[in-house]
Each structure stands twice: as C-alpha cells, then as structure tokens.
Amino acid sequence: MKDNIIYRKDACPINSVYDLLSRKWVFGIMKDLFAGKKHFNEFKEDKPNLSNVVLSDTLKYLENQGMICKKIIEDDTKRNTEYYLTEKGKKMNKILYEMVIFGLYELEGDLRDEEFKKEIKEGYEEILL
C-alpha cells in the first residue's frame, strides 16, 4: 500500500463488499436470482440445510442492502411474493462471473474434465453476462 494512503477498515471497498457477501447463503440466493428464480420455495430447492427463518432473514438483509426488491402479487385466491434483483444487485454479475472463472481454472478440485468446465462456464455466462 502506498505511504500516502491511510488504511481504514470501514473505507476499504474490498472489506465493504466482503461484509455484504460474507453472510451465509447470500451467494446461493444471488446466483438463483440471476438464474431466474423468484419465489421463496425456489431458493430452497437445492439447499436442504437452508431453514425458512434463515432464508427469510437473508432475503430481508439483501432487500435492506438494496440488492433485491420484493413484489407482492395478490389475486382473489392467494397472495404470492416474488423477489427480483435491483439495478444495484444486477451489478454483482461481473463479480460472480469472475469468481466462477477463478474457481474453474485456478482452484484445484473435482473440475478436471475440460468439457465439463466448458459447460459450467457457458451456463454461468448465460445467466451472468
């Protein structure tokens, strides 16, 4: 860090983004929103350990942070809630995409099959770019 920059945790953009995204389940829910999911139960589909309380709290948190908005749809028979990315939330696409690329090509793991990597990359490109 340069000598003329005074370090303050609360003024560091990396720390600010980390604080926003470090809450458990945020990445999974954001990914689901980019993939077109918008209903409470859709967020739980592939997350068996995600409780209703934690999901509800996380959705409220993302709404309070301005990342998502909630829309209540009512008709004569039922009331339904849908969640959507805000313009601010949509700006996370590049961050999430770069995390996908880093994870695919820079981290060791079960993704050794190049054709499978290509499929995953293309799938994320469809929803994030």
VAL100, VAL17, VAL26, VAL53, reordered so the largest accessible area comes first (probe 1.4 Å): VAL53, VAL17, VAL100, VAL26
Exposure of PHE116 as accessible area (Å², to 10), given a probe of 1.4 Å and all protein chains: 100
Among ILE29, ILE68, ILE101, residue whose mean-square fluctuation peaks in a GNM of the chain (springs only between Cα atoms under 10 Å): ILE101
Sequence of TYR97, TYR84 when ordered by accessible area, the most exposed leading, probe 1.4 angstrom: TYR84, TYR97
Solvent-accessible ranking of ARG79, ARG23, largest area first, probe 1.4 Å: ARG79, ARG23
³J(HN,Hα) computed for each position of segment 19-30 - Karplus, 6.51 cos²θ - 1.76 cosθ + 1.60, integer Hz, glycine/proline x: 4, 5, 9, 6, 5, 4, 6, 4, 4, x, 5, 4
GNM top mover of LYS60, LYS78, LYS47 - the chain, alpha-carbon springs below 10 Å: LYS78
Over 28 Å between alpha carbons, listed pairs LYS37/LYS78; LYS90/LYS117; LYS24/LYS94; LYS71/LYS121; LYS44/LYS71; LYS60/LYS121: LYS71/LYS121; LYS60/LYS121
Per residue accessible area in Å² of the chain, where ligands, DNA and RNA are left out and the probe is 1.4 Å: 73
Apportionment of accessible area to carbon and sulfur, the chain, percent (1.4 Å): 51
THR81 long-range amide H proximity, modeled H, under 5 Å: ILE73
Which label in [x] 29, 23, 13; [y] 21, 17, 12; [z] 27, 16, 14 gives the computed semi-axes √(5λ) of the Cα gyration tensor in Å: [x]
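Can you give the FRET efficiency to the nearest 0.05 for ASP76 and ASN41, using r as the Cβ-Cβ distance and R₀ = 30 Å?
With R0 = 30 Å, the Cβ-Cβ based efficiency is 0.90.
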Under the Karplus curve 6.51 cos²θ - 1.76 cosθ + 1.60, θ = phi - 60°, whole-Hz ³J(HN,Hα) for segment 79-91, x wherever Gly or Pro sits: 10, 10, 10, 10, 10, 9, 5, 7, 4, 4, x, 5, 5
Choice from LEU21, LEU85, LEU62 showing the highest fluctuation, given a GNM over the chain with Cα pairs closer than 10 Å: LEU21
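The values are calculated or read from the model by the stated rules, or taken from the named source; none is laboratory data. Given the structure is predicted, the values throughout are model-derived calculations rather than measurements. Glycine also receives a Cβ, built like all others from the backbone with ideal geometry; neighbour counts cover every protein chain displayed. Just the protein is used for accessible areas: all its heavy atoms, side chains included, with ligands, DNA and RNA removed. Shrake-Rupley method; radii C 1.70, N 1.55, O 1.52, S 1.80 Å.
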